[in-house]
Amino acid sequence: MSARLRAVSNDTRPAVEVRGLRKTYPGGLEAVRGIDFQVAPGEVFGLLGPNGAGKSTTIGMLTTTIKPTSGSARLAGFDVARDPVAARSVSSVVFQEPVLDKALTGRRNLDLHARLWGIPPSAADRKITELAAAFGLSEVIGRPVDSLSGGQRRRLEIARALVSEPRVLFLDEPTVGLDTRIRYELLDLISGLRGRTGMTTVLTTHYLDEAERLCDRIAVMHQGTIVALDRPGTLLAGLGAELVELRVEQDPAAALAAMRAHGLAAGDAFAVGSTLTVPVGSRPARDTIAAIADLGIHAEAVTTRKPTLDDVYLQLTGSRLAA
Amino acid sequence: MTAIPTAPAEAALTSPRPAARPHRLATWATLAGRRVMLSAHTPREVLAPLVTPLLFALVIAPALAKMIPHAGPGGADYSTFVIVGTVGLLIPLTCTFAGIGVIVDRASGARRELLAAPISRSLIVLGNMAVAITVSLLQVAALIAAGWLRGSHFHATPAGAGWFIGAVLTFTVFMYAVAEILANRIPTQEEYVGLTPVVAILPWFLAGSLFPITALPGWLASVARVLPTTHTLALLRYGVLNRGGAGLHDIWGISNTTADAALSLLVLAGWAVLITAASIRVFQRSAVS
């Protein structure tokens, strides 16, 4: 571990500290409506939510490309509004869209990042060589970026962000638009980052498997607010051990209301389209299924299964959308 | 015996340790270097900017001089008069095309990486400007050298060279700042390129490049007197042509040519400072929403 990161690990201050952060765009669109969270040093924190939930605006404010309307945010103690250059000096971003200079070689791209972040040339050379080897880019690092494959470019972008040994790494939808094989490759790579460097990572995604696999804690965002924030396991536990899932083609909302009226479904049951998802709590699932049949609800299909993060997410965001 | 603290000192909690930050000059050099690498990474990209000055110095100016064989305004031969006037076209074209890089950075996403860097964002504008100045100086040097080889008669004293270089540098700063503003305000490359004739070429025709501004209709001559290009061309000719102060006299109408030159350089510098400040502001406003 380098001296730079040893200093980080001794720092007890939150790596990311967000208080009452709010962004209202000209025209009145409230993209983020006063959010609060803290991320501890070394933690991998996920911002999860559908498109338009406010994740990218939040990342934009934390990376100083979007000016907060009110509230505050600090990176490693530096206020992003009052001391943006210092806040940027302790962070790096992997953007959703590729942002490499395609005409330049991979090494040149990494070297430019190192220079802009004030890394001494000899240390930068060493770091670039090390990262290229670790990310399987040694063979292609000297080639122009526009000759690299999509997966190689993405790995190069992550390597570039790591050249400056950031205390906080932002990964904004890092796997969006990639084919499945490259996506899984990248997930392996990202999950290995924490073990290798100990830095804090803030990840935005709408892929739930990514969040579950990579994140220590997850904040679910919906319509500019955080509707849940906890460890993935705790969020899952909130839905109990088992779920009943029904596909009801005719008037699913009425079916859900009837189940609630008869105590078969509680407030945590939700409907997305024609699918009703009902946490059963301590009651055996077969009893719930039988009681639903007794109510005269005609279901095209009925299944039981364990809850996933998808259910947490849909319960927190999808049901509200449906409502 | 000294007590060993078991908790971090308060000062450590309230004074976060910043990471290393590059020196402003080093950052500026890095940004300029990036722009050079992006705009000159093939021999074609290095040589292409020299085509226009060479064409004007070796072909167009001499050809026009054949059509107008008598001496140009102020006593210089017409070919030399036009060659110096060509500077007023080269610099705006170079700066306008440099502005395309700003649009490409924005469209390709590369600008986002620069915005995430721990640097003053004004340096991004100034780094690009440095490259536009370098390319402009290279073009002007090629133009003057080719004109001299072709037989043009320049009459430069050290003071004259000073006026000439001062005008070239100040005008380039002004023109690049204009290009930066347009590139940050105009959404597409197509729309931006469509504006090039208006920004780069139209003022050149009105600014005394091919004929004195006194030859223009009265109201148009008044318009020409406020154009930075007019002040630039008048200063350039004052600097390197024998009895080349006629253009300055056409603008100011006072008998002291050095005072005329100082006033024109002051006007140019004022425009350059004002528009550069505006360009940095426009860039920062476009970068942060």
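Just to be sure I understand, how many residues within region A:117-145 are in contact (Cβ under 8 Å) with a residue 24 or more places away in the chain and either under 28 Å from the mean Cα position of the chain (by Cα) or not assigned by TED's automatic domain parsing to the domain that holds A:Glu185 (or both)? Here the count works out to 9.
Among the residues making up region A:54-74, those that are more than 12 Å from chain B (Cβ to nearest Cβ) and on the phi > 0 side of the Ramachandran plot are A:Gly54, A:Gly71. Considering region A:138-158, and only residues there that are in contact with a Gly (Cβ under 8 Å, 6 or more places away or on another chain) and surrounded by 22 or more Cβ atoms within 10 Å (Cβ to Cβ), the residue that is nearest to B:Ala116 (Cα to Cα) turns out to be A:Leu156.
The one condition from (1) more than 24 Å from B:Ala167 (Cα to Cα); (2) out of contact with any strand residue (DSSP E or B) (no Cβ under 7 Å at 6 or more places or on another chain); (3) not aromatic (Phe, Trp, Tyr) that B:Ala116 does not meet is (2). Residue-level check: of (1) surrounded by 20 or more Cβ atoms within 10 Å (Cβ to Cβ); (2) closer than 19 Å to A:Glu212 by Cβ; (3) touching an Asp or Glu at 6+ places or on another chain (Cβ under 9 Å), A:Gly238 misses just (1). Pairs linking a residue in region B:106-120 that is closer than 16 Å to A:Arg88 by Cα and at the interface with chain A (Cβ under 7 Å from one of its Cβ atoms) to a residue that is part of a helix (DSSP H, G or I) and modelled with pLDDT under 90, with Cβ atoms under 6 Å and 6 or more positions apart or on different chains, are B:Leu115/B:Ala287. Checked across region A:227-234, the condition of being touching a Gly at 6+ places or on another chain (Cβ under 7 Å) and not assigned by TED's automatic domain parsing to the domain that holds A:Val278 holds for no residue. Of the residues making up region A:111-134, those that are within 11 Å of another protein chain (Cβ to nearest Cβ) and not aromatic (Phe, Trp, Tyr) are A:Asp111, A:Leu112, A:His113, A:Ala114, A:Arg115, A:Leu116, A:Gly118, A:Ile119, A:Pro120, A:Pro121, A:Ala123. The set of residues in region A:25-53 being small (Gly, Ala, Ser) and either in a strand (DSSP E or B) or away from chain B (no Cβ under 14 Å) (or both) consists of A:Gly28, A:Ala31, A:Gly34, A:Ala40, A:Gly42, A:Gly46, A:Gly49, A:Gly52, A:Ala53. Before we move on, is B:Ala110 crowded, with 20+ Cβ neighbours inside 10 Å, at negative phi, modelled with pLDDT of 95 or more and of a type in the set (A, V, I, L, M, F, W, C)? Spelling it out, it is not the case that B:Ala110 is crowded, with 20+ Cβ neighbours inside 10 Å, at negative phi, modelled with pLDDT of 95 or more and of a type in the set (A, V, I, L, M, F, W, C). Pairs under 7 Å by beta carbon, first residue more than 10 Å from chain B (Cβ to nearest Cβ) in region A:151-178, partner buried (at least 24 other Cβ atoms within 10 Å of the Cβ) and among the basic types (Lys, Arg), six or more apart or different chains? That search, which allows pairs on different chains as well, returns A:Leu178/A:Arg154.
Inclusion of A:Gly77 among residues that are within 11 Å of chain B (Cβ to nearest Cβ) and over 23 Å from A:Leu235 (Cβ atoms) is warranted. The residues of region A:185-200 that are farther than 23 Å from A:Gly150 by Cα and surrounded by fewer than 24 Cβ atoms within 10 Å (Cβ to Cβ), listed by number, are A:Arg194, A:Gly195, A:Arg196, A:Thr197, A:Gly198. Restricted to region A:95-121, and to residues there that are touching a Gly at 6+ places or on another chain (Cβ under 7 Å) and in a loop (DSSP other than H, G, I, E, B), the residue that is surrounded by the fewest Cβ atoms within 10 Å (Cβ to Cβ) is A:Glu97.
Pairing each residue of region A:223-235 that is of a type in the set (D, E, K, R) with any residue that is surrounded by 16 or more Cβ atoms within 10 Å (Cβ to Cβ), provided the two are 6+ apart or on different chains, yields C-beta distances under 6 Å for A:Arg231/A:Arg217. Of the set (1) under 28 Å from B:Ala159 (Cα atoms); (2) modelled with pLDDT of 95 or more; (3) among the small types (Gly, Ala, Ser); (4) surrounded by 14 or more Cβ atoms within 10 Å (Cβ to Cβ), all apply to B:Ser279 but (1). On the stretch given as region B:267-289, residues that are over 16 Å from the mean Cα position of the chain (by Cα) and either over 16 Å from B:Val125 (Cβ atoms) or within 14 Å of chain A (Cβ to nearest Cβ) (or both) total 7. Counting the residues of region A:93-107 that are more than 7 Å from every other protein chain (Cβ to nearest Cβ) and either over 29 Å from the mean Cα position of the chain (by Cα) or modelled with pLDDT of 95 or more (or both) gives 3.
If you go through region B:211-230 and keep only what is within 21 Å of B:Pro62 (Cα to Cα) and surrounded by fewer than 17 Cβ atoms within 10 Å (Cβ to Cβ), you end up with just B:Phe211. Exactly one residue out of B:Ala287, B:Ala234 is in contact with a helix residue (DSSP H, G or I) (Cβ under 8 Å, 6 or more places away or on another chain) and within 30 Å of B:Ala63 (Cβ to Cβ), and it is B:Ala234. Looking at A:Val145, is it facing chain B (nearest Cβ under 10 Å) and either touching a Lys or Arg at 6+ places or on another chain (Cβ under 9 Å) or of a type in the set (Lys, Arg) (or both)? Taking the combined requirement at face value, the residue does not satisfy it. Scanning region B:34-50 for residues that are in contact (Cβ under 8 Å) with a residue 12 or more places away in the chain and either within 12 Å of another protein chain (Cβ to nearest Cβ) or touching a Cys at 6+ places or on another chain (Cβ under 7 Å) (or both) yields B:Arg34, B:Arg35, B:Val36, B:Leu38, B:Ser39.
Where strands (runs of 3 or more DSSP E) fall wholly inside region A:202-268, the ranges with 1 or more residues that are over 24 Å from A:Ile35 (Cα atoms) and not acidic (Asp, Glu) are A:243-247.
The values are calculated or read from the model by the stated rules, or taken from the named source; none is laboratory data. All values reported here derive from a predicted model rather than from experimental measurement. Methodologically, a virtual Cβ is constructed for each residue, glycine included, from the backbone with ideal geometry; neighbour enumeration extends over all protein chains shown.
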